[in-house]
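Everything on this sheet refers to the single structure shown next.
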Amino acid sequence: MSKKFEKLEKLAAKGKGSAIVRFIKSKDPEVVKDAIAALGKCGGEDAINALTGLSNSSIKDLRIAAINALGKCGGSYNTTLFSHDLSTEKDPEVLEAIKSALGEIRTRIKTE
């Protein structure tokens, strides 16, 4: 476990999305993926805004990671976004991530 990963986990536990956002600009793709996952854990406006931008990335792995993280954040905006994306997305792997994230959000809404 890297020190950056540990730091991201601590920031996520404290809900410090704005501090995590700066890590998504890292040159290290693993740090970026860890930051995306951490944003999904902490949620909040800063996290959702950053993840929404990444969900449109031209890099498929980042898109899928962002979609998965948004699924963990929940929220009606994400449901609307993903419902629209279902009708426009062409990549089967991205579509699967969208369906999974929607399912996760809907399950959370039912249990709340």
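Every number here is computed from the coordinates shown, using simple stated rules; none is lab data. Everything numeric in this text was worked out from a predicted model, so none of it was measured. Backbone-built Cβ (ideal geometry, glycine too); neighbour counts: all protein chains shown.
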Could you list which residues have their amide H under 5 Å from that of Gly75, counting only those 5 or more apart in sequence or on another chain, with H placed in the peptide plane?
none
Given 5 Å bins starting at zero, what is the percent of C-alpha pairs of the chain in each, up to the one with the largest pair distance?
2, 14, 25, 24, 18, 12, 5, 1, 0
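What length, rounded to one decimal in nm, is gained on full extension from Asp61 through to Lys3, with 0.36 nm per residue of separation minus their alpha-carbon distance? Please report the intermediate quantities before stating the final value.
On the way: separation 58, 0.36 × 58 = 20.88 nm, distance 2.28 nm.
The Asp61-Lys3 span can extend by a further 18.6 nm.
Can you figure out the FRET efficiency of His84 with Lys110, using R₀ = 25 Å and their beta-carbon distance, to the nearest 0.05?
Details: r = 22 Å, r/R0 = 0.86.
Once the sixth-power term is evaluated, E becomes 0.70.
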Per-residue ³J(HN,Hα) for segment 17-23, Karplus 6.51 cos²θ - 1.76 cosθ + 1.60, θ = phi - 60°, Hz, x for Gly and Pro
x, 5, 6, 6, 3, 5, 6
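For a test of the definition: using alpha carbon positions, the gyration tensor, and the 1.5 limit on a/c, classify segment 1-47 as rounded, prolate or oblate. Write out the running numbers ahead of the final one.
Working: a/c = 2.02, a/b = 1.34, b/c = 1.51.
Because a/c hits 1.5 or more and a/b fails to exceed b/c, segment 1-47 counts as oblate.
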For helix 60-73, report the angle its Cα long axis makes with the longest principal axis of the Cα atoms of the chain; keep it between 0 and 90° and round to the nearest 10°.
90
Ranking Lys60, Lys16 by Cβ neighbours within 10 Å, fewest first, what do you get?
Lys60, Lys16
